[in-house]
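Participant: Attaching a single structure in structure tokens format; questions to follow.
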Amino acid sequence: MLKNLHNAQGPNRYRNQNLRQGLIPLLGLTLIFSHALPMLSANTIASFKDPDTLEDWAIVNDTVMGGVSRSSIEQTEAGNLLFKGDLSLRNNGGFVSIRNRPGQLTLQGATGIALSVRGDGRTYYLDLRTDSQARAGSFRAPFTTVNNEWTEIFIPLTDFVRQSFGRLAPNSVLEPQRVNSIGFTLSDKQPGPFELEIEFVKRVSDATSNESQATDWGTSESTQTANPKMLIELAISRGVPLFNSGNTAACAAIYEVTCTALISMPDISERSVSILRQALSEIQTTTDESQKAWILRYALDSTLRSLLMSERL
């Protein structure tokens, strides 16, 4: 397994061209590790099958500041939310956005957010708003779409940065338990038509946490007998094809979840725990998904070698 290395020449964006054919590399992460790591789960926090759901969403454009950008939302025949319109930079404008009404999203215990979207190749923001924020502010994280292709995206909560009126406040800390609204924003300074179709938004979390609303697998036999060596091999077997096909962000996300899970496992040596923690800390210093994947892969390989050596003793 250690010989099964990445092809480092793959592109850095996370693409999923075979979504409808059953390749779902990051949907909730539970689907990936359902046999080896059943303590992760995904819960839908926004879907649009019910047309009445759209009544809970509001449009906020640059018209509130004198701009002239236009946008609208509608339900598609497939039961998704279609956010579309025309972005304009006139009158110092340049943003369009939608958000849902404040409510209890139960993000406490979540590790990130998973999206299924079809876009136009532009970069959008996912916005999280808390009950303690001003109306104009949000914690936001960017995601890039692929033109007319369905893409599944995982955004760790650590990627969200506080902003207000376009100004960043990176020292502000997101409190997941206080998030009560989500939204989407386009403000890429590229005037013209846009279109973003959203199938769902899900919270990805630890199903054994007290706050999780997911199925409780915490006492299942498979959880108690999770094998770290098997978990690493499974992660690598899932991650390598994704990396080599260009889905480096999906690969990195799988490795990140695996490293996090390994730290709490009793068979992992203190040295390996230190290496895993260092890798998880190091990936926070780069936005290059390929580099993140390699950093985490080296930590997984080191941990696997340690486990194999222990078996030989």
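Participant: Test each condition in (1) at pLDDT below 85; (2) within 17 Å of residue 45 (Cβ to Cβ); (3) surrounded by fewer than 20 Cβ atoms within 10 Å (Cβ to Cβ) for residue 163 and report the one that comes out false.
Facilitator: (2)
Participant: Name the pairs: first residue in the range 144-158 and in the same structural domain as residue 255 (by TED's automatic domain parsing), second residue surrounded by fewer than 17 Cβ atoms within 10 Å (Cβ to Cβ) and modelled with pLDDT under 85, Cβ to Cβ under 6 Å, at least 6 apart or on different chains?
Facilitator: Going by the 6 Å Cβ cut-off, there are no qualifying pairs.
Participant: Let me ask something else. Find the residue count for the range 234-260, including only residues that are surrounded by fewer than 22 Cβ atoms within 10 Å (Cβ to Cβ) and modelled with pLDDT under 85.
Facilitator: The number of residues fulfilling the criteria is 5.
Participant: Also, I was wondering about something else. Can you list residue pairs whose Cβ atoms sit under 8 Å apart, with the first residue in the range 287-305 being closer than 16 Å to residue 262 by Cα and the second being among the charged types (D, E, K, R) and assigned to a helix (DSSP H, G or I)? Count only pairs 6 or more apart in sequence or on different chains.
Facilitator: What qualifies is 295/282; 296/256; 304/229; 304/233.
Participant: Being buried (at least 18 other Cβ atoms within 10 Å of the Cβ) and hydroxyl-bearing (Ser, Thr, Tyr) is the requirement here; does residue 298 meet it?
Facilitator: Spelling it out, it is not the case that residue 298 is buried (at least 18 other Cβ atoms within 10 Å of the Cβ) and hydroxyl-bearing (Ser, Thr, Tyr).
Participant: Moving on. Considering only strands (runs of 3 or more DSSP E) fully contained in the range 69-122, which possess at least 3 residues that are among the small types (Gly, Ala, Ser)?
Facilitator: So the answer is 110-118.
The values are calculated or read from the model by the stated rules, or taken from the named source; none is laboratory data. Values in this document were obtained by computation on a predicted structure and should not be read as measured data. Cβ: placed from backbone, ideal geometry, glycine included. Neighbour counts: every protein chain shown.
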